[in-house]
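K.L.:
Would you mind keeping the following structure in view while I ask a few things?
The values are calculated or read from the model by the stated rules, or taken from the named source; none is laboratory data. Note that the structure is a prediction, hence the values are computed from the model and not measured. So basically every Cβ, Gly included, is an ideal-geometry build from the backbone, and we count neighbours across all protein chains shown.
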Amino acid sequence: MADRGGRPRRARAWRLLGRLAVVGLVAFVLVQFVPYGWAHPNPPVIADAPWPTPESAALARAACYDCHSNETEWPFYAYVAPMSWFVRRDVEQGRRELNFSLGERVTDDAAEAVADGSMPPRGYRALHPGARLSDQERDTLVQALTVLEETTEGADGGGDGDAGGDEDHSGRGGGGEDHSGRGR
Ligand code: HEC
């Protein structure tokens, strides 16, 4: 092809690429030393949510449990920075919002999040084929979560100020919202 200075330019391009590759590799190695993401804790299961059917339990395990239970199956990339940081953060935030392992009340937020397609998150679905729910599976899970909302009524694992007056928070939708780190 064109000989006009093509050679040196190409050589320079390769040299630059090589340098970028080295810098990238060094950065990748260094980033592994950041301790965040090293730990992959699965605290004890206090009480698994009382799923109404084995099918719904299986769906929830496939679609929710990695982030919303203490039975996370940490994938290999949870051990490799920087992906490990995102996985760890998802699990931390997810467990804080809703943890099926603690015998806590399951609010109607859960059924809603599945019905409107915001849960499981898109990025998770991309990496976990088992979490891609068909319409029918989604309906099944929404129904099960609605049942859970009733069967876990009053079961408030944290017992945060529930001394007697259950009626007080009948306007549930609001209660949970206050501290959800939803600013994304
Ligand atoms: C990849 C991890 C991940 C998976 C899988 C996942 N979630 Fe979440 N979930 C999160 C994170 C992180 C938050 C908190 C930040 C936010 O709201 O986006 C959250 C928040 C929530 C909330 C509270 C806020 C809201 O949107 O109402 C509910 C309810 C919820 N998830 C339900 C579910 C259910 C049910 C499933 C399974 C169908 C599921 N999630 C699957 C990570 C996950």
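K.L.:
Among the numbered conditions (1) at pLDDT below 95; (2) within 26 Å of PHE76 (Cβ to Cβ); (3) of a type in the set (Lys, Arg), tell me where ARG4 comes up short.
P.N.:
That leaves (2) as the condition not met.
K.L.:
Then there's this: Would you check if there is a residue in the stretch 85-94 being touching a helix residue (DSSP H, G or I) at 6+ places or on another chain (Cβ under 7 Å), within 12 Å of the ligand (Cβ to nearest atom) and polar (S, T, N, Q)?
P.N.:
no
K.L.:
Can you name the residue in the stretch 48-84 that is closer than 27 Å to GLU150 by Cα and of a type in the set (A, V, I, L, M) and, of all such residues, is nearest to the ligand (Cβ to nearest atom)?
P.N.:
Restricting to residues being closer than 27 Å to GLU150 by Cα and of a type in the set (A, V, I, L, M), the top hit is ALA63.
K.L.:
I'd like the full set of residues that are crowded, with 21+ Cβ neighbours inside 10 Å and assigned to a helix (DSSP H, G or I), limited to the stretch 90-103.
P.N.:
Hits for the stretch 90-103 are VAL91, GLY94.
K.L.:
Considering each of VAL106, VAL87 in turn, give the residue that is within 17 Å of the chain's Cα centre (by Cα), in a loop (DSSP other than H, G, I, E, B) and at pLDDT 95 or above.
P.N.:
Only one candidate passes the filter, namely VAL106.
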